[in-house]
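Peer 1: What follows is a structure written as structure tokens; I'll ask about it next.
The values are calculated or read from the model by the stated rules, or taken from the named source; none is laboratory data. This is a predicted model, so every value here is computed, not measured. Here the Cβ is made from the backbone with ideal geometry for all residues, glycine too, and neighbour counts use every protein chain on show. All accessible areas refer to the heavy atoms of the entire protein, side chains included, with ligands and DNA or RNA removed. Shrake-Rupley method; radii C 1.70, N 1.55, O 1.52, S 1.80 Å.
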Amino acid sequence: MPVGIFRVCLVLITAIVNQPLLFPKENGIVPENTEEIIQKMKEWEESLRLQQLYWEQKIADREAAQKALEKAAEVVEGKGNWQDTGGEEDDMAVLGKALKGVAFPDKAVLASFYEKRILGTTGDMARMREMVEGFADDLLEALRSVCNRDADMEVEDCMGVGSMYENWRVRKPFVCDLIVPFAPPEPYCFRSQIWCSGESFPPDEQGYGTIKVCRADEDVTGCICDKTKLGEDMLCLLHSQANTTGPSSEMEDLLCFKNTQYLDANQVMKWFQIAVTKAWNRISHKYEFDLSFSLLDLPGALKIKFRSGKSIAFNLTPVVQYENSDVYFISHFPWSGLAADRSSTHWFLTFAVYERRFIQLVSKTLPANACHVICLQILSFLHGKQCSLTGPSGLTNYHLKTVMLHLLQAHPSQDWAPEKLEARLQDMLKFLEKCLHEKKLCHFFIGNGKAPAELGLPIIFQRAEPLNLFRPFVLHRDVYRKTVDTFHEMLRNTSALINEYTVHIP
């Protein structure tokens, strides 16, 4: 019905635009500013044409969304709190429309491609990890020595996360991602609030939390004097006039946002950069290379530059531990892709340690030489190569890894045998196509009640509502369109890219 009404309106508008009275014949009375009027009418006509295309796309998207909802209602039983992985064969057959007609390489070609193009990078990654970790440990030890132990933040040992430490990084330059937990000096401590803890957080702040700097002797729930008016002759023993709980310059010294008690990510990064610079000045004489900050939009990005001209990049990012878990608040999250502008007091939560641990745990149950990591490496290579040809898209390697994690949980162990490489790679592409179509890719851990108990994931995250990593696509239609186009172009080029790099060994 809406389509019919729209088309009637379109016909009327077109008739008005082309009305002869608006554009007189040669023998008519023509105003002096004829050219100006004609130009404005052409602009109006172009505007109407663009609006027509917009509304046609809008209607098509709505119809597609309705069909997707109807399909989801058929395959999902009960309420369910987790993403449908499309594990059923019928679902996968329907969802793989983009793969139909694509000349997909067989398992022999895929195996040859992996051996010649990807396998050789494993040794390079191991050597780089060892070198970067050794240097980072030395740098952090020097950082502790230059800090004031009574006033500065306390820095712990760094941890490696991401593709370099999960052994699936493919494209160069290799970059090690290291996170560095830190804590405030005594007698202060961090107390955090997260979006799923019962507090009201806007939809675009799901996955985020705030970190409050408090004195360790403060009651978690707050002193009664904050809730009850005391008499003039009564004094709170915890909070005297000399020890108020209000914001002060002392809080700013503890890297808080101005006039608040909330930890400020920008202040933390400034402090960390200054501390790293001082630490490097202390130990630089021991090394025959230079160290510098390499990226302005990623403050923890460092680059080692040798005298030969070669360089090594790595990210050293300060984080705050969430309670006693391995979930961390991270000031800048380099794997998240599209990110909305938000207050610097809102920190993203990273589950990178649990992701690495899950891959290690599942790998123990899989057949020898299982193909799960190879699938991810090939997919990452293809997408990276396509982006180098047609420009960046909204997909990131973190999204691709999330797809693999979902399918690792959905498929039985024997499905990841090495001879199943072709089938599992196609499953990953089909699942990614489904997620792009629905603009929905759930975070692997948030809302996943099926996460293995051995991981020790806090129950609050398992019980939370699933977090959609593709939500930015709903808000940024141009990025979404570009991402879908890049994905389809990648599918069409898959065979050519793999054959090219199978024949020509780098």
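Quick grid of which residues meet (1) under 29 Å from Gln360 (Cα atoms); (2) modelled with pLDDT under 95; (3) touching a Pro at 6+ places or on another chain (Cβ under 7 Å):
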| position | (1), (2), (3) |
| --- | --- |
| Cys442 | yes, no, yes |
| Ile446 | yes, no, yes |
| Lys450 | yes, yes, no |
| Leu457 | yes, no, no |
| Leu467 | yes, yes, no |
| Met490 | no, yes, no |
| Ile498 | yes, yes, yes |
| Pro506 | no, yes, no |
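Peer 1: Can you tell me how many residues within the stretch 206-228 are at pLDDT 70 or above and of a type in the set (Lys, Arg)?
Peer 2: Going through the stretch 206-228, the residues at pLDDT 70 or above turn out to be 206-217.
Keeping just the survivors that are of a type in the set (Lys, Arg) gives 212, 215.
The total comes to 2.
Peer 1: Taking the stretch 440-472 only, how many residues are over 14 Å from His406 (Cα atoms) and touching a strand residue (DSSP E or B) at 6+ places or on another chain (Cβ under 8 Å)?
Peer 2: Our first condition is that a residue be over 14 Å from His406 (Cα atoms); within the stretch 440-472, this holds for 453-465, 470-472.
Checking which are touching a strand residue (DSSP E or B) at 6+ places or on another chain (Cβ under 8 Å) leaves us with 460.
Total satisfying the criteria: 1.
Peer 1: In the stretch 402-456, which residues are within 15 Å of the chain's Cα centre (by Cα) and among the charged types (D, E, K, R)?
Peer 2: Lys439, Lys440 - these are the residues of the stretch 402-456 that are within 15 Å of the chain's Cα centre (by Cα) and among the charged types (D, E, K, R).
Peer 1: Moving on. Residues being of a type outside the set (Phe, Trp, Tyr), within 27 Å of Leu467 (Cα to Cα) and either modelled with pLDDT of 95 or more or not in a loop (DSSP other than H, G, I, E, B) (or both): count how many of those fall in the stretch 176-205. Can you show your working first?
Peer 2: At the first step, the residues of the stretch 176-205 found to be of a type outside the set (Phe, Trp, Tyr) are 176-181, 183-187, 189, 191-194, 196-200, 202-205.
Then drop every residue that is not within 27 Å of Leu467 (Cα to Cα), which leaves 176-181, 191-194, 196-200, 202-205.
Those left that are additionally either modelled with pLDDT of 95 or more or not in a loop (DSSP other than H, G, I, E, B) (or both): 176-181, 191-194, 203-205.
So the answer is 13.
Peer 1: Go through Leu421, Leu407, Leu382, Leu400 for me and flag whichever is modelled with pLDDT of 95 or more and either touching a Pro at 6+ places or on another chain (Cβ under 8 Å) or within 22 Å of Glu115 (Cβ to Cβ) (or both). Show your work before the answer.
Peer 2: Values: Leu421 fails: modelled with pLDDT of 95 or more; Leu407 fails: either touching a Pro at 6+ places or on another chain (Cβ under 8 Å) or within 22 Å of Glu115 (Cβ to Cβ) (or both); Leu382 fails: modelled with pLDDT of 95 or more.
After applying the criteria, what remains is Leu400.
Peer 1: Quick check on this structure: which one of Ala417, Ala423 is of a type in the set (Gly, Ala, Ser), free of Cβ contacts under 8 Å to residues at least 24 places away in the same chain and more than 25 Å from Tyr354 (Cβ to Cβ)? Working first, answer last.
Peer 2: Numbers: Ala417 fails: free of Cβ contacts under 8 Å to residues at least 24 places away in the same chain.
On inspection, the qualifying residue turns out to be Ala423.
Peer 1: Also: Checking the condition of a type outside the set (Gly, Ala, Ser), without any contact (Cβ under 8 Å) to a residue 60 or more places away in the chain and under 14 Å from Trp168 (Cβ atoms), which residue from Leu408, Leu382 passes?
Peer 2: Details: Leu382 fails: without any contact (Cβ under 8 Å) to a residue 60 or more places away in the chain.
It is Leu408.
Peer 1: Which residues, counting only those in the stretch 144-184, are surrounded by fewer than 19 Cβ atoms within 10 Å (Cβ to Cβ), among the small types (Gly, Ala, Ser) and over 20 Å from Thr277 (Cβ atoms)?
Peer 2: The one that is surrounded by fewer than 19 Cβ atoms within 10 Å (Cβ to Cβ), among the small types (Gly, Ala, Ser) and over 20 Å from Thr277 (Cβ atoms): Ala183.
Peer 1: Exactly one condition in (1) at pLDDT 95 or above; (2) over 18 Å from the mean Cα position of the chain (by Cα); (3) not basic (Lys, Arg) is false for Thr345; which is it?
Peer 2: Of (1) at pLDDT 95 or above; (2) over 18 Å from the mean Cα position of the chain (by Cα); (3) not basic (Lys, Arg), only one is false for Thr345: (1).
Peer 1: I want to confirm something. Restricting to the stretch 185-200 and keeping residues that are in contact with a strand residue (DSSP E or B) (Cβ under 7 Å, 6 or more places away or on another chain) and hydrophobic (A, V, I, L, M, F, W, C), which single residue is surrounded by the most Cβ atoms within 10 Å (Cβ to Cβ)? Before you say what the answer is, go through the steps one by one.
Peer 2: At the first step, the residues of the stretch 185-200 found to be in contact with a strand residue (DSSP E or B) (Cβ under 7 Å, 6 or more places away or on another chain) are 185, 187-195, 199.
Pick out the ones that are also hydrophobic (A, V, I, L, M, F, W, C) and you get 189-190, 194-195.
Working: Cys189: 15, Phe190: 17, Ile194: 24, Trp195: 22.
Restricting to residues being in contact with a strand residue (DSSP E or B) (Cβ under 7 Å, 6 or more places away or on another chain) and hydrophobic (A, V, I, L, M, F, W, C), the top hit is Ile194.
Peer 1: Looking at the structure I just gave you, is Gln426 closer than 26 Å to Gly456 by Cα and open to solvent by 10 Å² or more (accessible area, probe 1.4 Å)? Before the answer, list the steps.
Peer 2: Details: closer than 26 Å to Gly456 by Cα: no; open to solvent by 10 Å² or more (accessible area, probe 1.4 Å): yes.
Taking the combined requirement at face value, the residue does not satisfy it.
Peer 1: Which condition number in (1) part of a helix (DSSP H, G or I); (2) closer than 30 Å to Cys442 by Cβ; (3) open to solvent by less than 40 Å² (accessible area, probe 1.4 Å) is the one that Leu139 fails?
Peer 2: It is condition (2) that Leu139 fails.
Peer 1: Mind listing just one residue for me: the one in the stretch 365-378 that is assigned to a helix (DSSP H, G or I) and open to solvent by 10 Å² or more (accessible area, probe 1.4 Å) and, of those, farthest from Ala410 (Cα to Cα)?
Peer 2: Residues of the stretch 365-378 assigned to a helix (DSSP H, G or I): 372-378.
After this cut, where a residue has to be open to solvent by 10 Å² or more (accessible area, probe 1.4 Å) as well, the list is 372-374.
Values: His372: 12, Val373: 16, Ile374: 18 Å.
If we take residues in the stretch 365-378 being assigned to a helix (DSSP H, G or I) and open to solvent by 10 Å² or more (accessible area, probe 1.4 Å), then Ile374 is farthest from Ala410 (Cα to Cα).
Peer 1: Here's another thing I want to ask about it. Identify all residues within the stretch 382-409 that are in contact with a helix residue (DSSP H, G or I) (Cβ under 9 Å, 6 or more places away or on another chain), over 23 Å from Gly447 (Cβ atoms) and surrounded by fewer than 20 Cβ atoms within 10 Å (Cβ to Cβ); write none if there are none.
Peer 2: Selection gives Gly384, Lys385, Cys387, Leu389, Thr390, Gly391, Pro392.
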